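Colleague: Sharing a structure here in structure tokens format.
The values are calculated or read from the model by the stated rules, or taken from the named source; none is laboratory data. Keep in mind the model is a prediction, meaning the values are calculated, not measured. Here the Cβ positions follow ideal geometry from the backbone for every residue, glycine too, while neighbour counts run over all protein chains shown. Keep in mind that these areas ignore ligands, DNA and RNA; they rest on the heavy atoms of the full protein, side chains included. Shrake-Rupley method; radii C 1.70, N 1.55, O 1.52, S 1.80 Å.
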Amino acid sequence: MPNTYQPEQIIRPEILALSAYHVPPATGMIKLDAMENPYPLPLALRDDIALLAASAPINRYPDASAASLKTVLRQTLAISDDMDILLGNGSDEIIQIIAMAIAKPDAVLMSVEPAFVMFRMIATFTNIQYVGVPLRKDFSLDIEAMLAAIEKHQPAAIFLAYPNNPTGNLFEPAEILRIIQAASGIVIIDEAYNAFADASFKDQLEVYPNLLLMRTLSKSGLAGIRLGFLIGGSEWIAQLEKVRLPYNIGIMTQLIAEKVLHHTEVLSEQAETIKSERTKLSTFLATMRDVEVYPSKANFILFRIPGASQIFKMLKERKILIKNLDGTHPLLKDCLRVTVGTPDENTQFCTALHALLTEAV
Ligand code: PMP
């Protein structure tokens, strides 16, 4: 007899209540929604990667510790020997590893709101209570509220993205230090957008043993291979390593990342171009009537525009895909987020937006 159990009886209610992370179809679109680097690697480097791929022993499991890749990462990022590295299938997976490791029945995972949605979602996946402390209206940290929430909830982990997604700003470093000092658990500074930020907490790693630094190659041009990493003291990394699945970093990711890390000048040059395009795009948006542009240290720009959801829809009809944040948080009312693309993509976005706003008048 087949059983008659329904998902409602089996799946946890908090999972039933979730909607899946929505990735909109983007075929044929100008894709400015996901903070990807719009530039391919140079042809010569792609040829090298093709050779590597052709001779990769894909019949074997990959090196479970990715030792060779870690050595190159350590050299490229000048990570001191006192620090250890944990690799993840994207930094998403690192958030999940941390959450699984801290998930005691009464554990709290804390961040700010609005923040990267995965902090909250992964807390839900792992049955951890999530506390999101609202940012101020200008998206700066509400440090007093944050310190009070730390005191009250004693979070096992605090995640702060630096720069923050979706707002694009850097929080005040002195305030982040106060949070690290006040924290009863670990503080993870998520530097996903470090390539565009000219600021980092890396130097603080040696000072604060409860500080961990998370990065990803996704925004720098390698979103497709999925590689994130966490840097921190061995006492933390050794525990988190126990939760990591043994072969989470596939052989292609290991080979490609290692190869590209030998040519970081390529990624840095692309990041420089993106930064200068960011300036142009911000300047353009600021000239538009009724548009409020927020300063960005990332590869995307948040802006507020009356009728944002309608504008988003009309841009989509014109094959331009950005991110609609209207309705996701009270502070983000009428907010849209555009990823900095190639000069041509940015021009097409600006032209379309300008046309829509002029038509609307
Ligand atoms: N952290 C932040 C702040 C992000 O915005 C993102 C991607 N949107 C990630 C982490 C995850 O990146 P990935 O899993 O591609 O490394």
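Colleague: Limited to the range 41-76, what total is found for residues that are within 23 Å of the chain's Cα centre (by Cα) and in contact (Cβ under 8 Å) with a residue 60 or more places away in the chain?
Modeller: Final tally of qualifying residues: 6.
Colleague: Of I79, I97, which residue is part of a loop (DSSP other than H, G, I, E, B), open to solvent by less than 60 Å² (accessible area, probe 1.4 Å), touching a residue at least 12 places away in the same chain (Cβ under 8 Å) and of a type in the set (V, I, T)?
Modeller: Details: I97 fails: part of a loop (DSSP other than H, G, I, E, B).
On inspection, the qualifying residue turns out to be I79.
Colleague: Somewhere in the range 105-115, is a residue open to solvent by 10 Å² or more (accessible area, probe 1.4 Å), part of a strand (DSSP E or B) and away from the ligand (no atom under 12 Å from the Cβ)?
Modeller: Looking for residues that are open to solvent by 10 Å² or more (accessible area, probe 1.4 Å), part of a strand (DSSP E or B) and away from the ligand (no atom under 12 Å from the Cβ), one finds at least one in the range 105-115, hence yes.
Residue-by-condition table, conditions (1) under 14 Å from the mean Cα position of the chain (by Cα); (2) within 16 Å of the ligand (Cβ to nearest atom):
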site: M146; (1), (2): no, no
site: E151; (1), (2): no, no
site: Q154; (1), (2): no, no
site: I158; (1), (2): no, yes
site: T167; (1), (2): yes, yes
site: L170; (1), (2): yes, yes
site: I176; (1), (2): no, yes
site: I180; (1), (2): no, no
site: I189; (1), (2): yes, yes
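Colleague: Does at least one position in the range 135-142 carry a residue that is part of a helix (DSSP H, G or I) and either touching a Ser or Thr at 6+ places or on another chain (Cβ under 6 Å) or within 16 Å of the ligand (Cβ to nearest atom) (or both)?
Modeller: Restricting attention to the range 135-142, the residues satisfying the condition of being part of a helix (DSSP H, G or I) are none.
Within the range 135-142, none of the residues are part of a helix (DSSP H, G or I) and either touching a Ser or Thr at 6+ places or on another chain (Cβ under 6 Å) or within 16 Å of the ligand (Cβ to nearest atom) (or both).
Colleague: With the structure loaded, tell me whether A148 is small (G, A, S), open to solvent by 50 Å² or more (accessible area, probe 1.4 Å) and either more than 28 Å from P246 (Cβ to Cβ) or modelled with pLDDT of 95 or more (or both) or whether it fails that test. Don't jump to the end; show me each part of the working.
Modeller: On the way: small (G, A, S): yes; open to solvent by 50 Å² or more (accessible area, probe 1.4 Å): yes; either more than 28 Å from P246 (Cβ to Cβ) or modelled with pLDDT of 95 or more (or both): yes.
So A148 passes the test.
Colleague: Can you pull out every residue in the range 12-63 that is open to solvent by 60 Å² or more (accessible area, probe 1.4 Å), β-branched (V, I, T) and modelled with pLDDT of 95 or more?
Modeller: Answer for the range 12-63, where residues must be open to solvent by 60 Å² or more (accessible area, probe 1.4 Å), β-branched (V, I, T) and modelled with pLDDT of 95 or more: just I58.
Colleague: Filter the range 313-340 down to the residues that are over 19 Å from the mean Cα position of the chain (by Cα) and surrounded by fewer than 22 Cβ atoms within 10 Å (Cβ to Cβ) and list them by number.
Modeller: First pass over the range 313-340, keeping only residues over 19 Å from the mean Cα position of the chain (by Cα): 313-320, 326-327, 330-331, 333-334.
Across the range 313-340, the qualifying residues are K313, M314, K316, E317, R318, K319, D326, G327, P330, L331, K333, D334.
Colleague: Which count do you get for residues in the range 178-226 that are touching a Ser or Thr at 6+ places or on another chain (Cβ under 8 Å), within 19 Å of N164 (Cβ to Cβ) and open to solvent by 30 Å² or more (accessible area, probe 1.4 Å)?
Modeller: Counting residues in the range 178-226 that are touching a Ser or Thr at 6+ places or on another chain (Cβ under 8 Å), within 19 Å of N164 (Cβ to Cβ) and open to solvent by 30 Å² or more (accessible area, probe 1.4 Å) gives 2.
Colleague: How do the helices (runs of 4 or more DSSP H) wholly within the range 252-361 filter down when requiring 2 or more residues that are among the basic types (K, R): which remain? I'd like the intermediate steps shown before the answer.
Modeller: Working: elements: 264-287, 308-317, 343-360.
Here the list reads 264-287, 308-317.
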